[in-house]
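J.: Quick one: the structure is below, questions incoming.
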Amino acid sequence: FVDRVRARGEPAEVDGPDGPAIARICAAVDGLPLGIELAAARVGTFTLAEIADGLGREPGTLSRLGRGPSRQRNLHEEVDWSYRLATPDERIAHRRLAVLPRPFTLNAAEAVCSIPPLRPGSALDLVGGLAHRSLLASARASRPGGGPTWFGQLDTIRAHARGALRESGEEEAVIRARTRWVVDRVAAAPRYGRPGQVAWFDWLDDNRATIDASLEEARALG
């Protein structure tokens, strides 16, 4: 971002007073190269703080004008381009995964990817495909002895997936599938001192974000 700003003849210093605003801008565009390029193009017209505040309110709205009107693109359209290159089943999984806050596990993805027309057991291929297309980020859970792979949609990608889910008409069904999976697992928890309790606590840790979101939804629904 600083390189792009300086190339436009504008000052920018990460280690100076501009640092916090620059960090906010780069976080708001999820570190995507296109987002950084578009945000840097606004420096000189707006202050860094104004750009950061605007992106905080509406991520994904930066646009670029190329040669001719058909060259106008923004971050949402960039994500949509990757989305349209995905397979039909990957597109369904992409929008459904919007109900899983990051980080989530493959098991949580399976809970929302088992509703027809998707097949039970398809989450491994679908999540892998979306990660390959950069529509999902992944990291290993940090736990002594190792842990599962965590996944998550960056904010710009998550906003796109939420919009696609609302348009699909299946948002309520997907949320209920996620919540039912959590409630069923919680209800089946081993009692204190029974076998399987260590694995149970690991499951709680690994799926904390999904559990919190599901319990909030269940409470809201009564």
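The values are calculated or read from the model by the stated rules, or taken from the named source; none is laboratory data. Note that the structure is a prediction, hence the values are computed from the model and not measured. Neighbour counts run over all protein chains shown; Cβ positions are idealised from the backbone, glycine included. Only protein heavy atoms, including side chains, enter the accessible area calculation; ligands, DNA and RNA are left aside. Shrake-Rupley method; radii C 1.70, N 1.55, O 1.52, S 1.80 Å.
J.: So, for the stretch 73-160, what is the accessible surface per residue at a probe of 1.4 Å, expressed in square angstrom?
T.: 47
J.: Would you mind finding the longest exposed-site-free stretch of the chain, with exposed trypsin sites (Lys or Arg not before Pro) meaning DSSP loop and at most 13 other Cβ atoms within 10 Å?
T.: 68-190
J.: Sticking with this one: Does the stretch 103-168 classify as rounded, prolate or oblate by the C-alpha gyration tensor (a ≥ b ≥ c root eigenvalues; a/c under 1.5 gives rounded; else a/b over b/c gives prolate, otherwise oblate)?
T.: oblate
J.: Hey, another quick one. Which value in deg cm²/dmol, rounded to the nearest 500, describes the helix-derived mean residue ellipticity at 222 nm for the chain, given -39,500 (n - 2.57) per DSSP H run of n ≥ 4 and division by the residue count?
T.: Result for the chain, helices only: -17000 deg cm²/dmol.
J.: Debye sum, Cα scatterers, the chain, no solvent: what log₁₀ I/I(0) at q = 0.11 1/Å?
T.: The calculated log intensity ratios at q = 0.11 Å⁻¹ are -0.65.
J.: If you take the charge dipole of the chain about its Cα centre, with +1 on Lys and Arg Cβ and -1 on Asp and Glu Cβ, which of GLY146, LEU135, LEU106 is farthest toward its positive end?
T.: With unit charges placed on the Cβ atoms, the residue in question is LEU106.
J.: Also, I was wondering about something else. Sorted by accessible area with a 1.4 angstrom probe, largest first, how do TYR192, TYR83 fall?
T.: Values: TYR192 195, TYR83 30 Å².
If we order TYR192, TYR83 from most to least accessible, we get TYR192, TYR83.
J.: Add +1 for every Lys or Arg and -1 for every Asp or Glu among the other residues with Cβ under 12 Å from the Cβ of VAL174, and state the total.
T.: +3
J.: By the scheme Lys and Arg +1, Asp and Glu -1, what is the net charge of all other residues having a beta-carbon under 12 Å from that of VAL127? Please list the in-between numbers first.
T.: On the way: positive: ARG96, ARG133; negative: ASP89, GLU90, GLU110, ASP125.
Net charge around VAL127: -2.
J.: Run the dipole for the stretch 7-46 about the Cα centre, Lys and Arg Cβ at +1, Asp and Glu Cβ at -1, nothing else charged, and hand back the magnitude in debye, nearest 20.
T.: Result for the stretch 7-46 is approximately 140 debye, rounded to the nearest 20.
J.: Over the chain, what is the relative contact order in percent, taking alpha-carbon pairs closer than 8 angstrom and at least six residues apart?
T.: Reported as a whole number, the value is 18 percent.
J.: Now, a different point. Would you work out the charge dipole size for the chain about its Cα centre, treating the Cβ of every Lys and Arg as +1 and the Cβ of every Asp and Glu as -1, and quote it to the nearest 20 debye? Mind showing how you got there, number by number?
T.: Working: 30 positive and 29 negative charges, 85 e Å.
It works out to roughly 400 debye.
J.: With a 1.4 Å probe and all protein chains left in place, how much of the accessible area of the stretch 69-189 comes from carbon and sulfur atoms, in whole percent?
T.: Ligands and nucleic acids excluded, carbon and sulfur give 51 percent.
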